[in-house]
Every structure is written in structure tokens, then in C-alpha cells.
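All remarks here apply to the structure that follows.
The values are calculated or read from the model by the stated rules, or taken from the named source; none is laboratory data. No experiment lies behind these values; they were computed from the predicted model shown. Every residue, glycine among them, receives a Cβ derived from its backbone with ideal geometry; neighbour counts consider all protein chains shown. Ligands, DNA and RNA are excluded from the accessible area calculation, which covers all protein heavy atoms including side chains. Shrake-Rupley method; radii C 1.70, N 1.55, O 1.52, S 1.80 Å.
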Amino acid sequence: MAIDRAIFDVFHQVVGGSSILDWLAIFLAQYLPYFLFIGTLIFFFRLSFWKNKLIVLFQSFLALILARGIVVEAIRFFYNRPRPFIALEFKPLVDATSYAFPSG
């Protein structure tokens with residue numbers, strides 16, 4: 001737990017010191033998944049052969065199911081800890097709930 005606190009302190013010291021870094025952290029936490037989804041759709045529709053589209057679609061769904069549906073839930077089951085802002089009582093940059101890892 002001491003290493004968790006040390007890593008947290010390094011990142012938390014930066015919060016509020018630079019509006020650019022704060023904006024970047026908020027963007028990555030809230031908006032990056034939407035851009036990744038749109039980028040995947042653009043990539044999908046730019047493919048010319050239907051077999052390639054089917055392969056990309058299958059691989060995307062498989063990755064989503066494995067990563068989000070199985071791995072994340074397994075880690076949450078075994079690694080059930082409160083988020084730092086709950087344990088240390090401070091206001092986070094981004095609204096979040098549930099457990100500390102993975103953030104989902």
C-alpha cells in the first residue's frame with residue numbers, strides 16, 4: 001500500500017499546477033474512448049473488402065469481450081479497493097464511482 005500512496009502523491013502534486021495537464025487528464029479520462037470508437041468506425045468503413053470488415057468487426061468484439069467483460073471483472077473481483085479520492089477524501093478532476101482498479 002505504501003507504493004500506491006507514493007505513486008498517487010507524484011500524480012496528485014501535479015493536479016492544479018498546470019491547466020494544460022489538468023485538461024489533458026480530463027480529456028483522456030472522459031473523451032478519449034469516444035474518439036477511439038469513432039476512429040475504429042472510420043477504419044472499418046474505409047476497408048474495401050467485406051471479408052476484411054468482418055475480420056475487423058470480429059476482432060474488435062472479441063477484444064472488447066475479453067478485455068472489458070472478462071479480464072476487468074476478474075481483476076475487480078480480486079482487487080476490490082476504494083478509489084483514492086474516497087480513501088483519502090479529496091475531490092477528483094473527473095467524477096468517478098466504483099473501485100480503484102480498473103476504472104472502467
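Assorted remarks:
- Elements of type helices (runs of 4 or more DSSP H) in region 27-87, at least 2 residues being at pLDDT 85 or above and on the phi < 0 side of the Ramachandran plot: 32-46, 50-64
- Residues that are small (Gly, Ala, Ser) and open to solvent by 60 Å² or more (accessible area, probe 1.4 Å) within region 4-21 comprise Gly16, Gly17, Ser19, listed in sequence order.
- Note on region 49-72: residues that are under 20 Å from the mean Cα position of the chain (by Cα) and either surrounded by 12 or more Cβ atoms within 10 Å (Cβ to Cβ) or hydroxyl-bearing (Ser, Thr, Tyr) (or both) total 4.
- All positions within region 53-80 that are farther than 26 Å from Phe27 by Cβ and basic (Lys, Arg): Lys53
- Test: residue in region 36-45 that is loosely packed, with under 12 Cβ neighbours inside 10 Å and of a type in the set (Ser, Thr, Tyr): no
- Any pair with Cβ under 8 angstrom, 6 or more apart, that starts in region 1-25 at a residue that is within 22 Å of Arg81 (Cα to Cα) and ends at one that is open to solvent by 60 Å² or more (accessible area, probe 1.4 Å) and in a helix (DSSP H, G or I): none
- Region 30-43, residues that are out of contact with any Ser or Thr (no Cβ under 8 Å at 6 or more places or on another chain) and either within 17 Å of Phe85 (Cβ to Cβ) or in contact (Cβ under 8 Å) with a residue 12 or more places away in the chain (or both): Gln30, Phe43
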